[in-house]
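Chemist: This is the structure, below, for whatever I ask next.
The values are calculated or read from the model by the stated rules, or taken from the named source; none is laboratory data. In this text the structure is predicted, and so the values were computed from the model without any measurement. Cβ atoms come from the backbone with ideal geometry, glycine included; neighbour counts cover every protein chain shown. SASA here: full protein model, heavy atoms, side chains in, ligands and nucleic acids out. Shrake-Rupley method; radii C 1.70, N 1.55, O 1.52, S 1.80 Å.
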Amino acid sequence: AKQNGRCSFEFFNTSLERIAQYQLDLENKLRHAIGNNELTVFYQPQVSTTDMSISRMEALVRWYPQQGEAISPADFIPVAERSGLIDSVGEVVLRKVCAQIITWLNMGVKDFCVSVNLSAQQFSDVTLVEKISQCLTEHQISGKYLEFEITESMLLSDLEKATGVLNQLRELNISVAIDDFGTGYSSLKYLQKLPLDIIKIDRSFILELEQNPNEQSIVNAIISLAHSLNLRIVAEGVENPNVVSYLQDRHCEYIQGFYFYKPLDKQKMTDLLISGEKL
Ligand code: C2E
Ligand code: CA
Ligand code: CA
Ligand code: CA
């Protein structure tokens with residue numbers, strides 16, 4: 001038994017080392033990737049359920065290393081957060097989005113909005129609003145073309161400070177969405193108090209929406225809650241047409257999901273905006 005114990009300890013130790021080594025490698029690669037311009041931004045359309053038009057989209061970072069396969073943000077964003085690289089990643093994304101907004105404005109695209117994810121660390125950075133404001137000034141664009149996605153837990157860790165940040169964003173004309181709504185420690189109090197614009201219903205409530213009455217109850221409740229507070233709703237992760245009609249019937253304003261579009265590279269997104277094509 002003693003022998004066994006030692007063996008499994010060593011095994012455990014080795015696999016921990018392996019994980020740590022993997023993280024460290026990824027961190028170093030990411031640092032290199034940022035300097036090497038390997039990060040790019042894709043855009044996933046949010047389709048309006050009233051007229052099927054596309055004027056909103058979520059910016060999603062992509063990493064295509066010069067060698068090897070694409071690395072998912074689900075893998076490298078957590079590494080970026082732990083290593084402090086998230087600041088640089090966030091800055092790269094925001095700059096690319098602002099540059100893209102200018103390109104679209106110059107092409108004559110009107111009334112659109114790009115939603116950008118903020119991580120907890122960015123949100124707690126006291127210079128965040130200053131950085132955003134500076135980026136807008138440098139690019140000479142109005143904040144009305146930008147939205148930020150934050151999660152409930154970021155708001156609740158320091159509600160007073162969060163309120164201050166959201167008020168400053170509102171002054172810049174930037175809108176704010178609550179991402180992954182319903183998956184965190186929800187507090188209904190803050191919804192009514194804070195300057196928010198959009199609630200994004202998490203994909204986990206959408207997955208079995210068709211067959212699952214419990215999911216239906218939750219989604220119906222979120223929609224009526226949001227509407228009673230004058231917030232609009234984006235449903236995430238919609239992959240099937242019956243779910244589209246379900247949400248349409250309940251006046252969910254926007255749908256983001258593979259059923260309509262996967263995240264598109266900037267050229268495909270541009271084509272879509274320019275053609276003004278309706279589905
Ligand atoms: P998220 O913010 O919840 O983004 C939505 C994710 O769901 C995206 O994954 C998107 O591609 C995926 N998705 C959209 N529609 C569907 C669908 O119909 N079916 C399925 N299965 N998936 C769908 P992605 O791009 O891999 O991003 C993963 C996560 O990485 C994001 O989750 C977000 O938390 C983070 N992330 C992505 N880009 C950024 C960024 O620029 N900054 C920060 N801080 N985080 C980011
Ligand atoms: Ca998001
Ligand atoms: Ca989400
Ligand atoms: Ca998420």
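Chemist: Once phi is turned into ³J(HN,Hα) by the Karplus curve 6.51 cos²θ - 1.76 cosθ + 1.60 with θ = phi - 60°, what whole-Hz value does each residue of segment 170-177 show in order, with x for glycine and proline?
Modeler: 4, 4, 7, 6, 8, 8, 10, 10
Chemist: Still on this structure, please answer the following. Helix 73-83 against the longest principal axis of the chain: what's the angle in degrees, Cα atoms only, rounded to the nearest 10?
Modeler: With rounding to tens, the tilt is 60 degrees.
Chemist: In square angstrom, rounded to the nearest 10, how much accessible surface does HIS139 have for a 1.4 Å probe?
Modeler: Around 40 Å² of this residue is reachable by solvent.
Chemist: Quick one, what does Rg over Rh come out to for the chain if you take C-alpha atoms and the Kirkwood Rh?
Modeler: 1.01
Chemist: Enter the angle in degrees (range 0 to 90, nearest 10) between the Cα long axis of helix 266-275 and the first principal axis of the Cα atoms of the chain, meaning the one along which they spread out most.
Modeler: 10
Chemist: Between VAL92, PRO65, GLN46, whose Cα lies farthest towards the positive end of the dipole of segment 42-98 when Lys and Arg beta carbons carry +1 and Asp and Glu beta carbons carry -1, centred on the Cα centre?
Modeler: Checking the options against the dipole of segment 42-98, the answer is VAL92.
Chemist: Near LYS131, which aspartates and glutamates are there with a Cα under 16 Å away, not counting those fewer than 8 places off in the same chain?
Modeler: Within the straight-line limit of under 16 Å, LYS131 reaches these aspartates and glutamates: ASP87, GLU91, GLU147, GLU171.
Chemist: Something else: Could you size up the charge dipole of the chain around its Cα centre, putting +1 on the beta carbon of Lys and Arg and -1 on that of Asp and Glu, and report it in debye to the nearest 20?
Modeler: Rounded to the nearest 20 debye, it is 200 debye.
Chemist: Also, I was wondering about something else. Work out from phi, with θ = phi - 60° and the Karplus expression 6.51 cos²θ - 1.76 cosθ + 1.60, the ³J(HN,Hα) of each residue of segment 36-45, listed in order in whole Hz, and give x for Gly and Pro.
Modeler: 8, 6, 8, 8, 9, 10, 9, 10, 9, x
Chemist: Let me ask another. In sequence order, what are the phi-derived ³J(HN,Hα) couplings for segment 138-153 according to the Karplus relation 6.51 cos²θ - 1.76 cosθ + 1.60 with θ = phi - 60°, rounded to whole Hz, with x for glycine and proline?
Modeler: Once rounded to whole Hz, the list reads 4, 8, 6, 10, 6, x, 5, 8, 10, 9, 10, 9, 10, 9, 4, 5.
Chemist: So, one more: Return the single residue from THR103, THR49, THR151 with maximal mean-square fluctuation; model: Gaussian network over the chain, springs between Cα atoms under 10 Å.
Modeler: Between THR103, THR49, THR151, it is THR103 that shows the largest mean-square fluctuation.
Chemist: Moving to a separate point now. Compute the long axis of helix 2-35 from its Cα atoms, compare it with the longest principal axis of the Cα atoms of the chain, and write down the angle in degrees, 0 to 90, nearest 10.
Modeler: 50
Chemist: Distance from the Cα centre of segment 197-217 to that of segment 87-144, in angstrom?
Modeler: When both Cα centres are located, 29 Å separates them.
Chemist: Given the options ALA70, ALA59, ALA33, which has the most mean-square fluctuation in a GNM of the chain, springs set between C-alpha atoms less than 10 angstrom apart?
Modeler: Looking only at ALA70, ALA59, ALA33, the biggest GNM fluctuation is shown by ALA70.
Chemist: Which residue, LYS96, LYS193, LYS268, tops the fluctuation ranking in a GNM of the chain built on C-alpha contacts under 10 Å?
Modeler: LYS193
Chemist: Per residue of the chain, what 222 nm ellipticity follows from adding -39500 (n - 2.57) for every DSSP H run with n ≥ 4, rounded to the nearest 500?
Modeler: The helix contribution divided over the chain gives -16000 deg cm²/dmol.
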